[in-house]
Structures are given as C-alpha cells and as structure tokens.
C-alpha cells in the first residue's frame, strides 16, 4: 500500500530587516510547496525563522531538533542545506539523527539525503563547506572593516553631531563622516557648557530646548536624545578625531569637535561628579526563573531603590501589554520555601522506598542475566546459520544473489544483537540511581536554600524546577524528574491521594523508576501486585518472599 511522504517544511533567512532578503522566505515557501506537490510529499507544518545559523541556538530549529529526537518527524524539507545548518553542531546533530534512523530523509530540491554512509559523507562535506563559507565571510568582513578604519572612516552610525555622506548616492558603504549642519553646533555648545562646570543634566536640558534631536532611523523618527545618550557621547573619543576599536586607535578623517585636552578635562569632571558609581545592572535573584501566564519571562524591577518586584516582560510601549500583577521578591521566596518544604519526606518513608528499590533491583538483575544468556544463544544461532548458507552456496544449492541477500540480513541482525550485548539497557539503572540520590537529599532542600548564597540558590532552583509560572502573584513551581517522585510520594499530594491504579506512595516511586524499563517478568509482576495491595503505613518487606 502506498504511504505518502510526510515532511516538515523549514525556511530561514538571516535577518528580519525589510531592506534585506524581503522575498527570501515567501520565495522559499512558494518554491518548496511546488516541489512537494511534484514529488508527492505532504507538508504537515511550515516553520519559518528570521535568525542567523552561524551559531547554534535558533529557537524554532532547536524545537524541530527536539521533535526529531523524539521520533515525531519523518523528513525535513528545505530550500538549501545552508538554510538548515551553517555550524558544525547543528549539522552534526542532523547527520547523527539520520544515522540513527530518527529521521528518514533530509530533502532539498538539489537532492535527498538519507542515513546511509554515502549520504552522511556528502552531508558532512556540504555542511563543512557552509561553515567554511561563513568563516571566510567573517574574515573578509573583519579585513574590510579594518581597512575602513585605517582610512579614517567608521562602519557604524556616526555619533550625535555627525552624519555620513555616501561616496556614491544610493549605495551602501562606509561613506565619509561630515559635521551635521543642524546638530554639530548644538553638540559643540553642549561640550563647552560641560567644560565650564555646568552639570550634564542641565546642559542636556538646554540643548534639547534649543532643538537638539537624534537623527531619524528606519525605526524611529527625529526625537530628543536621552540624558544617558549624552553621557555616552561625552565619553566617546570619536569627538577628538580618533576612532577607537577595542585596543586599536585610528586617526579619523572627520572634523574633531573638541581637543584631546578638553576631552580629558570632561572625563575628569564626569569622574568627580559621581561619588559612588551606580551599577550598570542589578542582579535579581529570580531573573530567568519565572514565567508569566502569557509565556513571557518575568523581569526583576527595583522600586524606590528598596523593593524588588517581578513583572511580565510584555509591557513595552506599542506592544500588547500584559496586565498580570507583579509579585514581590519576598512573596516569590515564600512560594519557593513552601514548595521546598513539601519535598521533605519522613525518614521511615525514605527507608521504605530505598528498600523497595533494592528489592526491585535484585529481580531486575536476574532478568538482565537471562536476557544476556538469550542474546548469546541468538548470536550463536546466527553464526551457525551463516555457516550453513555458506556451505549451501559452495555446494551449488543456493544461487549467488539469494546467498548474498540472506547473508546480508543475517549479518545485519548479528550486528544488532552484538550491540545489545555490548550496550545493555542502562536507563533503569540511571533513573534508579537518580531517584536514590533524590530520596537521600529530600530533607536538605529547604535548609540548603535558606542558608545558601544567591548564586547557589539559583543553581538549586534550576536543578529542581523546570518551570515556574506566576499567576495572581502566586508562583506555581513544576518539578523536574526525578524530583517529581518527592511530590508524588507525599500522602497529601494529589498524585499520592488519587494514585495511579490505586498505587500507594512508595509504589509511585518504584513506578517512576520502571517507566523506561522493559516489560516485567512474572516474578516482578507478582511483586508489583503485592506492593499495590500494601498498606501505605507498613514498613515491613519481609513477607514479600524475596
């Protein structure tokens, strides 16, 4: 029966500016839709992204890779390979998933790439070529910028008081920096006032009253500069006729606004005017941990220099505002302390759960031994079958094509069995060890949080919680696995009270460890059924019969 080829369409361009690649994504989508129709492919979803692929970490592409790792994507359709990856990490991830069979194909109009050796080799070459082109472009851009600075010009927008005149009107380029006829005299007068001892804020108010404005850009019209912008200008050595880039200083061809001595005098005045320098940024304890119900991060905000509140970041002018009330830092701390306090388990419950894991481990080890014995027998049977069909082929009782086909199948199965022997299923062991560590630490989270410094507090919260949602000034933390077993094990928790098929609390812990394990044996099923019937207040496992 014909099965349609399903795919996820991914289109990307490196910038979202309207004067660059404005037709790139629409053109990609149109061409790929036509290509999919010709090839008989069904596009399940269309993903677009405005982001550079020079470095890993594209949000949309990262989500796509997560779905690929979970086996939810059959194939990816893209216009070019460099639209998908231009760095070795993203390219290597795609090649790895193709080799593992988690994704069937990577399709472009230029070719289709699968998980066989030739395709993976070609992908590594093509992705490497894309990365090399990006690196060469970076080197070329840096070399070109250095040549511009050596000519006495700048590549960026000139500071307030100057303007650029292009060498060729209508073309982009460094251009020559010239005094702005409207703003140069006003900025020069501002420098003079500051040199005469006038406070910067007062000089800024006078200049704005005289009509000083920042030059219009693509996004903003003419507007009055902020006082912070004026401080930045007064610290910029560009006004002395020099171009400073990192540690290099170049002589500029533009007209200086002040002399070197005047610039040093202003820097001395600015240093004396600030008794205690204000921090450039505040370090808020819960920044990056809290999410609003609308999906945005909650941003720390200092009120009256004393009080810290965490408000939704969706409050910029010109954008839809979020009206979720902001909780105070003390309220957030109280919510976390309450959640951490609920993770502490009774010593008797911890001992009972650890003993339950020991019993389960013994039964699992016996099953692992039986599994290893069965795999060894299967490996011997495959070797015997290979020898038999070889003898039949030598005797002429088996055609060459049929012999090659059967031997290929047997060797493929042998490789699979050998890998299973060398790499036994360790997921259950890993999860069991993680749960053991969590159980032994269950009573230390609250005290560790209260006594630790801020950096250690953030690390602890990142380790414990995968998401913390703020609604009506109340923080609802969501635990990560394996810490979820602590919440499930509490008698008053919803998971423990409601249960899953009437499992008591410690059985929930064992079930969490089992969730990635293979099917249980009859002996394990009998133990699990007995455990489900146990009273949650009993601590004696001796009658289990193990």
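The values are calculated or read from the model by the stated rules, or taken from the named source; none is laboratory data. Values in this document were obtained by computation on a predicted structure and should not be read as measured data. All Cβ positions, glycine included, derive from the backbone under ideal geometry; neighbour counts span all protein chains shown.
Going by what's in this entry, would residue 138 be described as in contact with a helix residue (DSSP H, G or I) (Cβ under 7 Å, 6 or more places away or on another chain) and exposed (fewer than 15 other Cβ atoms within 10 Å of the Cβ)? So residue 138 does not fit the description; no. One residue is enough: does segment 176-195 have a residue meeting the conditions free of Cβ contacts under 8 Å to residues at least 60 places away in the same chain, out of contact with any helix residue (DSSP H, G or I) (no Cβ under 7 Å at 6 or more places or on another chain), closer than 30 Å to residue 43 by Cα and surrounded by fewer than 11 Cβ atoms within 10 Å (Cβ to Cβ)? No, that holds for no residue. Among the numbered conditions (1) under 20 Å from the mean Cα position of the chain (by Cα); (2) surrounded by fewer than 19 Cβ atoms within 10 Å (Cβ to Cβ), tell me where residue 90 comes up short. Looking at each condition in turn, residue 90 falls short on (2).
Mind listing whichever residues of segment 410-431 are at pLDDT 70 or above and over 22 Å from residue 389 (Cβ atoms)? If the condition is that a residue be at pLDDT 70 or above and over 22 Å from residue 389 (Cβ atoms), then 419, 420, 421 are the ones that fit.
Would you be able to say whether some residue in segment 214-227 is under 25 Å from residue 261 (Cα atoms), out of contact with any strand residue (DSSP E or B) (no Cβ under 9 Å at 6 or more places or on another chain), without any contact (Cβ under 8 Å) to a residue 24 or more places away in the chain and exposed (fewer than 15 other Cβ atoms within 10 Å of the Cβ)? Break it down into steps so the answer makes sense when it comes.
The initial filter retains those residues of segment 214-227 that are under 25 Å from residue 261 (Cα atoms), namely 227.
Retained after the next criterion (residues that are out of contact with any strand residue (DSSP E or B) (no Cβ under 9 Å at 6 or more places or on another chain)): 227.
Now drop any that are not without any contact (Cβ under 8 Å) to a residue 24 or more places away in the chain, which leaves none.
No, there is no match, as no residue in segment 214-227 is under 25 Å from residue 261 (Cα atoms), out of contact with any strand residue (DSSP E or B) (no Cβ under 9 Å at 6 or more places or on another chain), without any contact (Cβ under 8 Å) to a residue 24 or more places away in the chain and exposed (fewer than 15 other Cβ atoms within 10 Å of the Cβ).
Of all residues in segment 38-73, those satisfying the criterion of being part of a helix (DSSP H, G or I) and within 16 Å of the chain's Cα centre (by Cα) are 59, 60, 61, 62, 63, 64, 65, 66, 67, 68, 69.
Within segment 231-269, if we keep just the residues that are within 18 Å of residue 179 (Cβ to Cβ) and in a helix (DSSP H, G or I), the residue that is farthest from the chain's Cα centre (by Cα) turns out to be 262. Within the set 259, 255, 287, the sole residue that is at pLDDT 80 or above, surrounded by fewer than 17 Cβ atoms within 10 Å (Cβ to Cβ) and outside the structural domain of residue 186 (by TED's automatic domain parsing) turns out to be 287.
In segment 202-213, which residues are closer than 20 Å to residue 237 by Cα and either surrounded by fewer than 16 Cβ atoms within 10 Å (Cβ to Cβ) or not assigned by TED's automatic domain parsing to the domain that holds residue 267 (or both)? Can you show your working first?
Applying the first criterion (closer than 20 Å to residue 237 by Cα) to segment 202-213 yields 203-204.
Those that are closer than 20 Å to residue 237 by Cα and either surrounded by fewer than 16 Cβ atoms within 10 Å (Cβ to Cβ) or not assigned by TED's automatic domain parsing to the domain that holds residue 267 (or both): none in segment 202-213.
The set of residues from segment 296-324 being over 30 Å from residue 235 (Cβ atoms), modelled with pLDDT of 80 or more and surrounded by 10 or more Cβ atoms within 10 Å (Cβ to Cβ) comprises 296, 297, 298, 307, 309, 310, 311, 312, 322, 324.
The residue that is farthest from the chain's Cα centre (by Cα), counting only those in segment 196-206 that are under 23 Å from residue 223 (Cα atoms) and free of Cβ contacts under 8 Å to residues at least 60 places away in the same chain, is 206.
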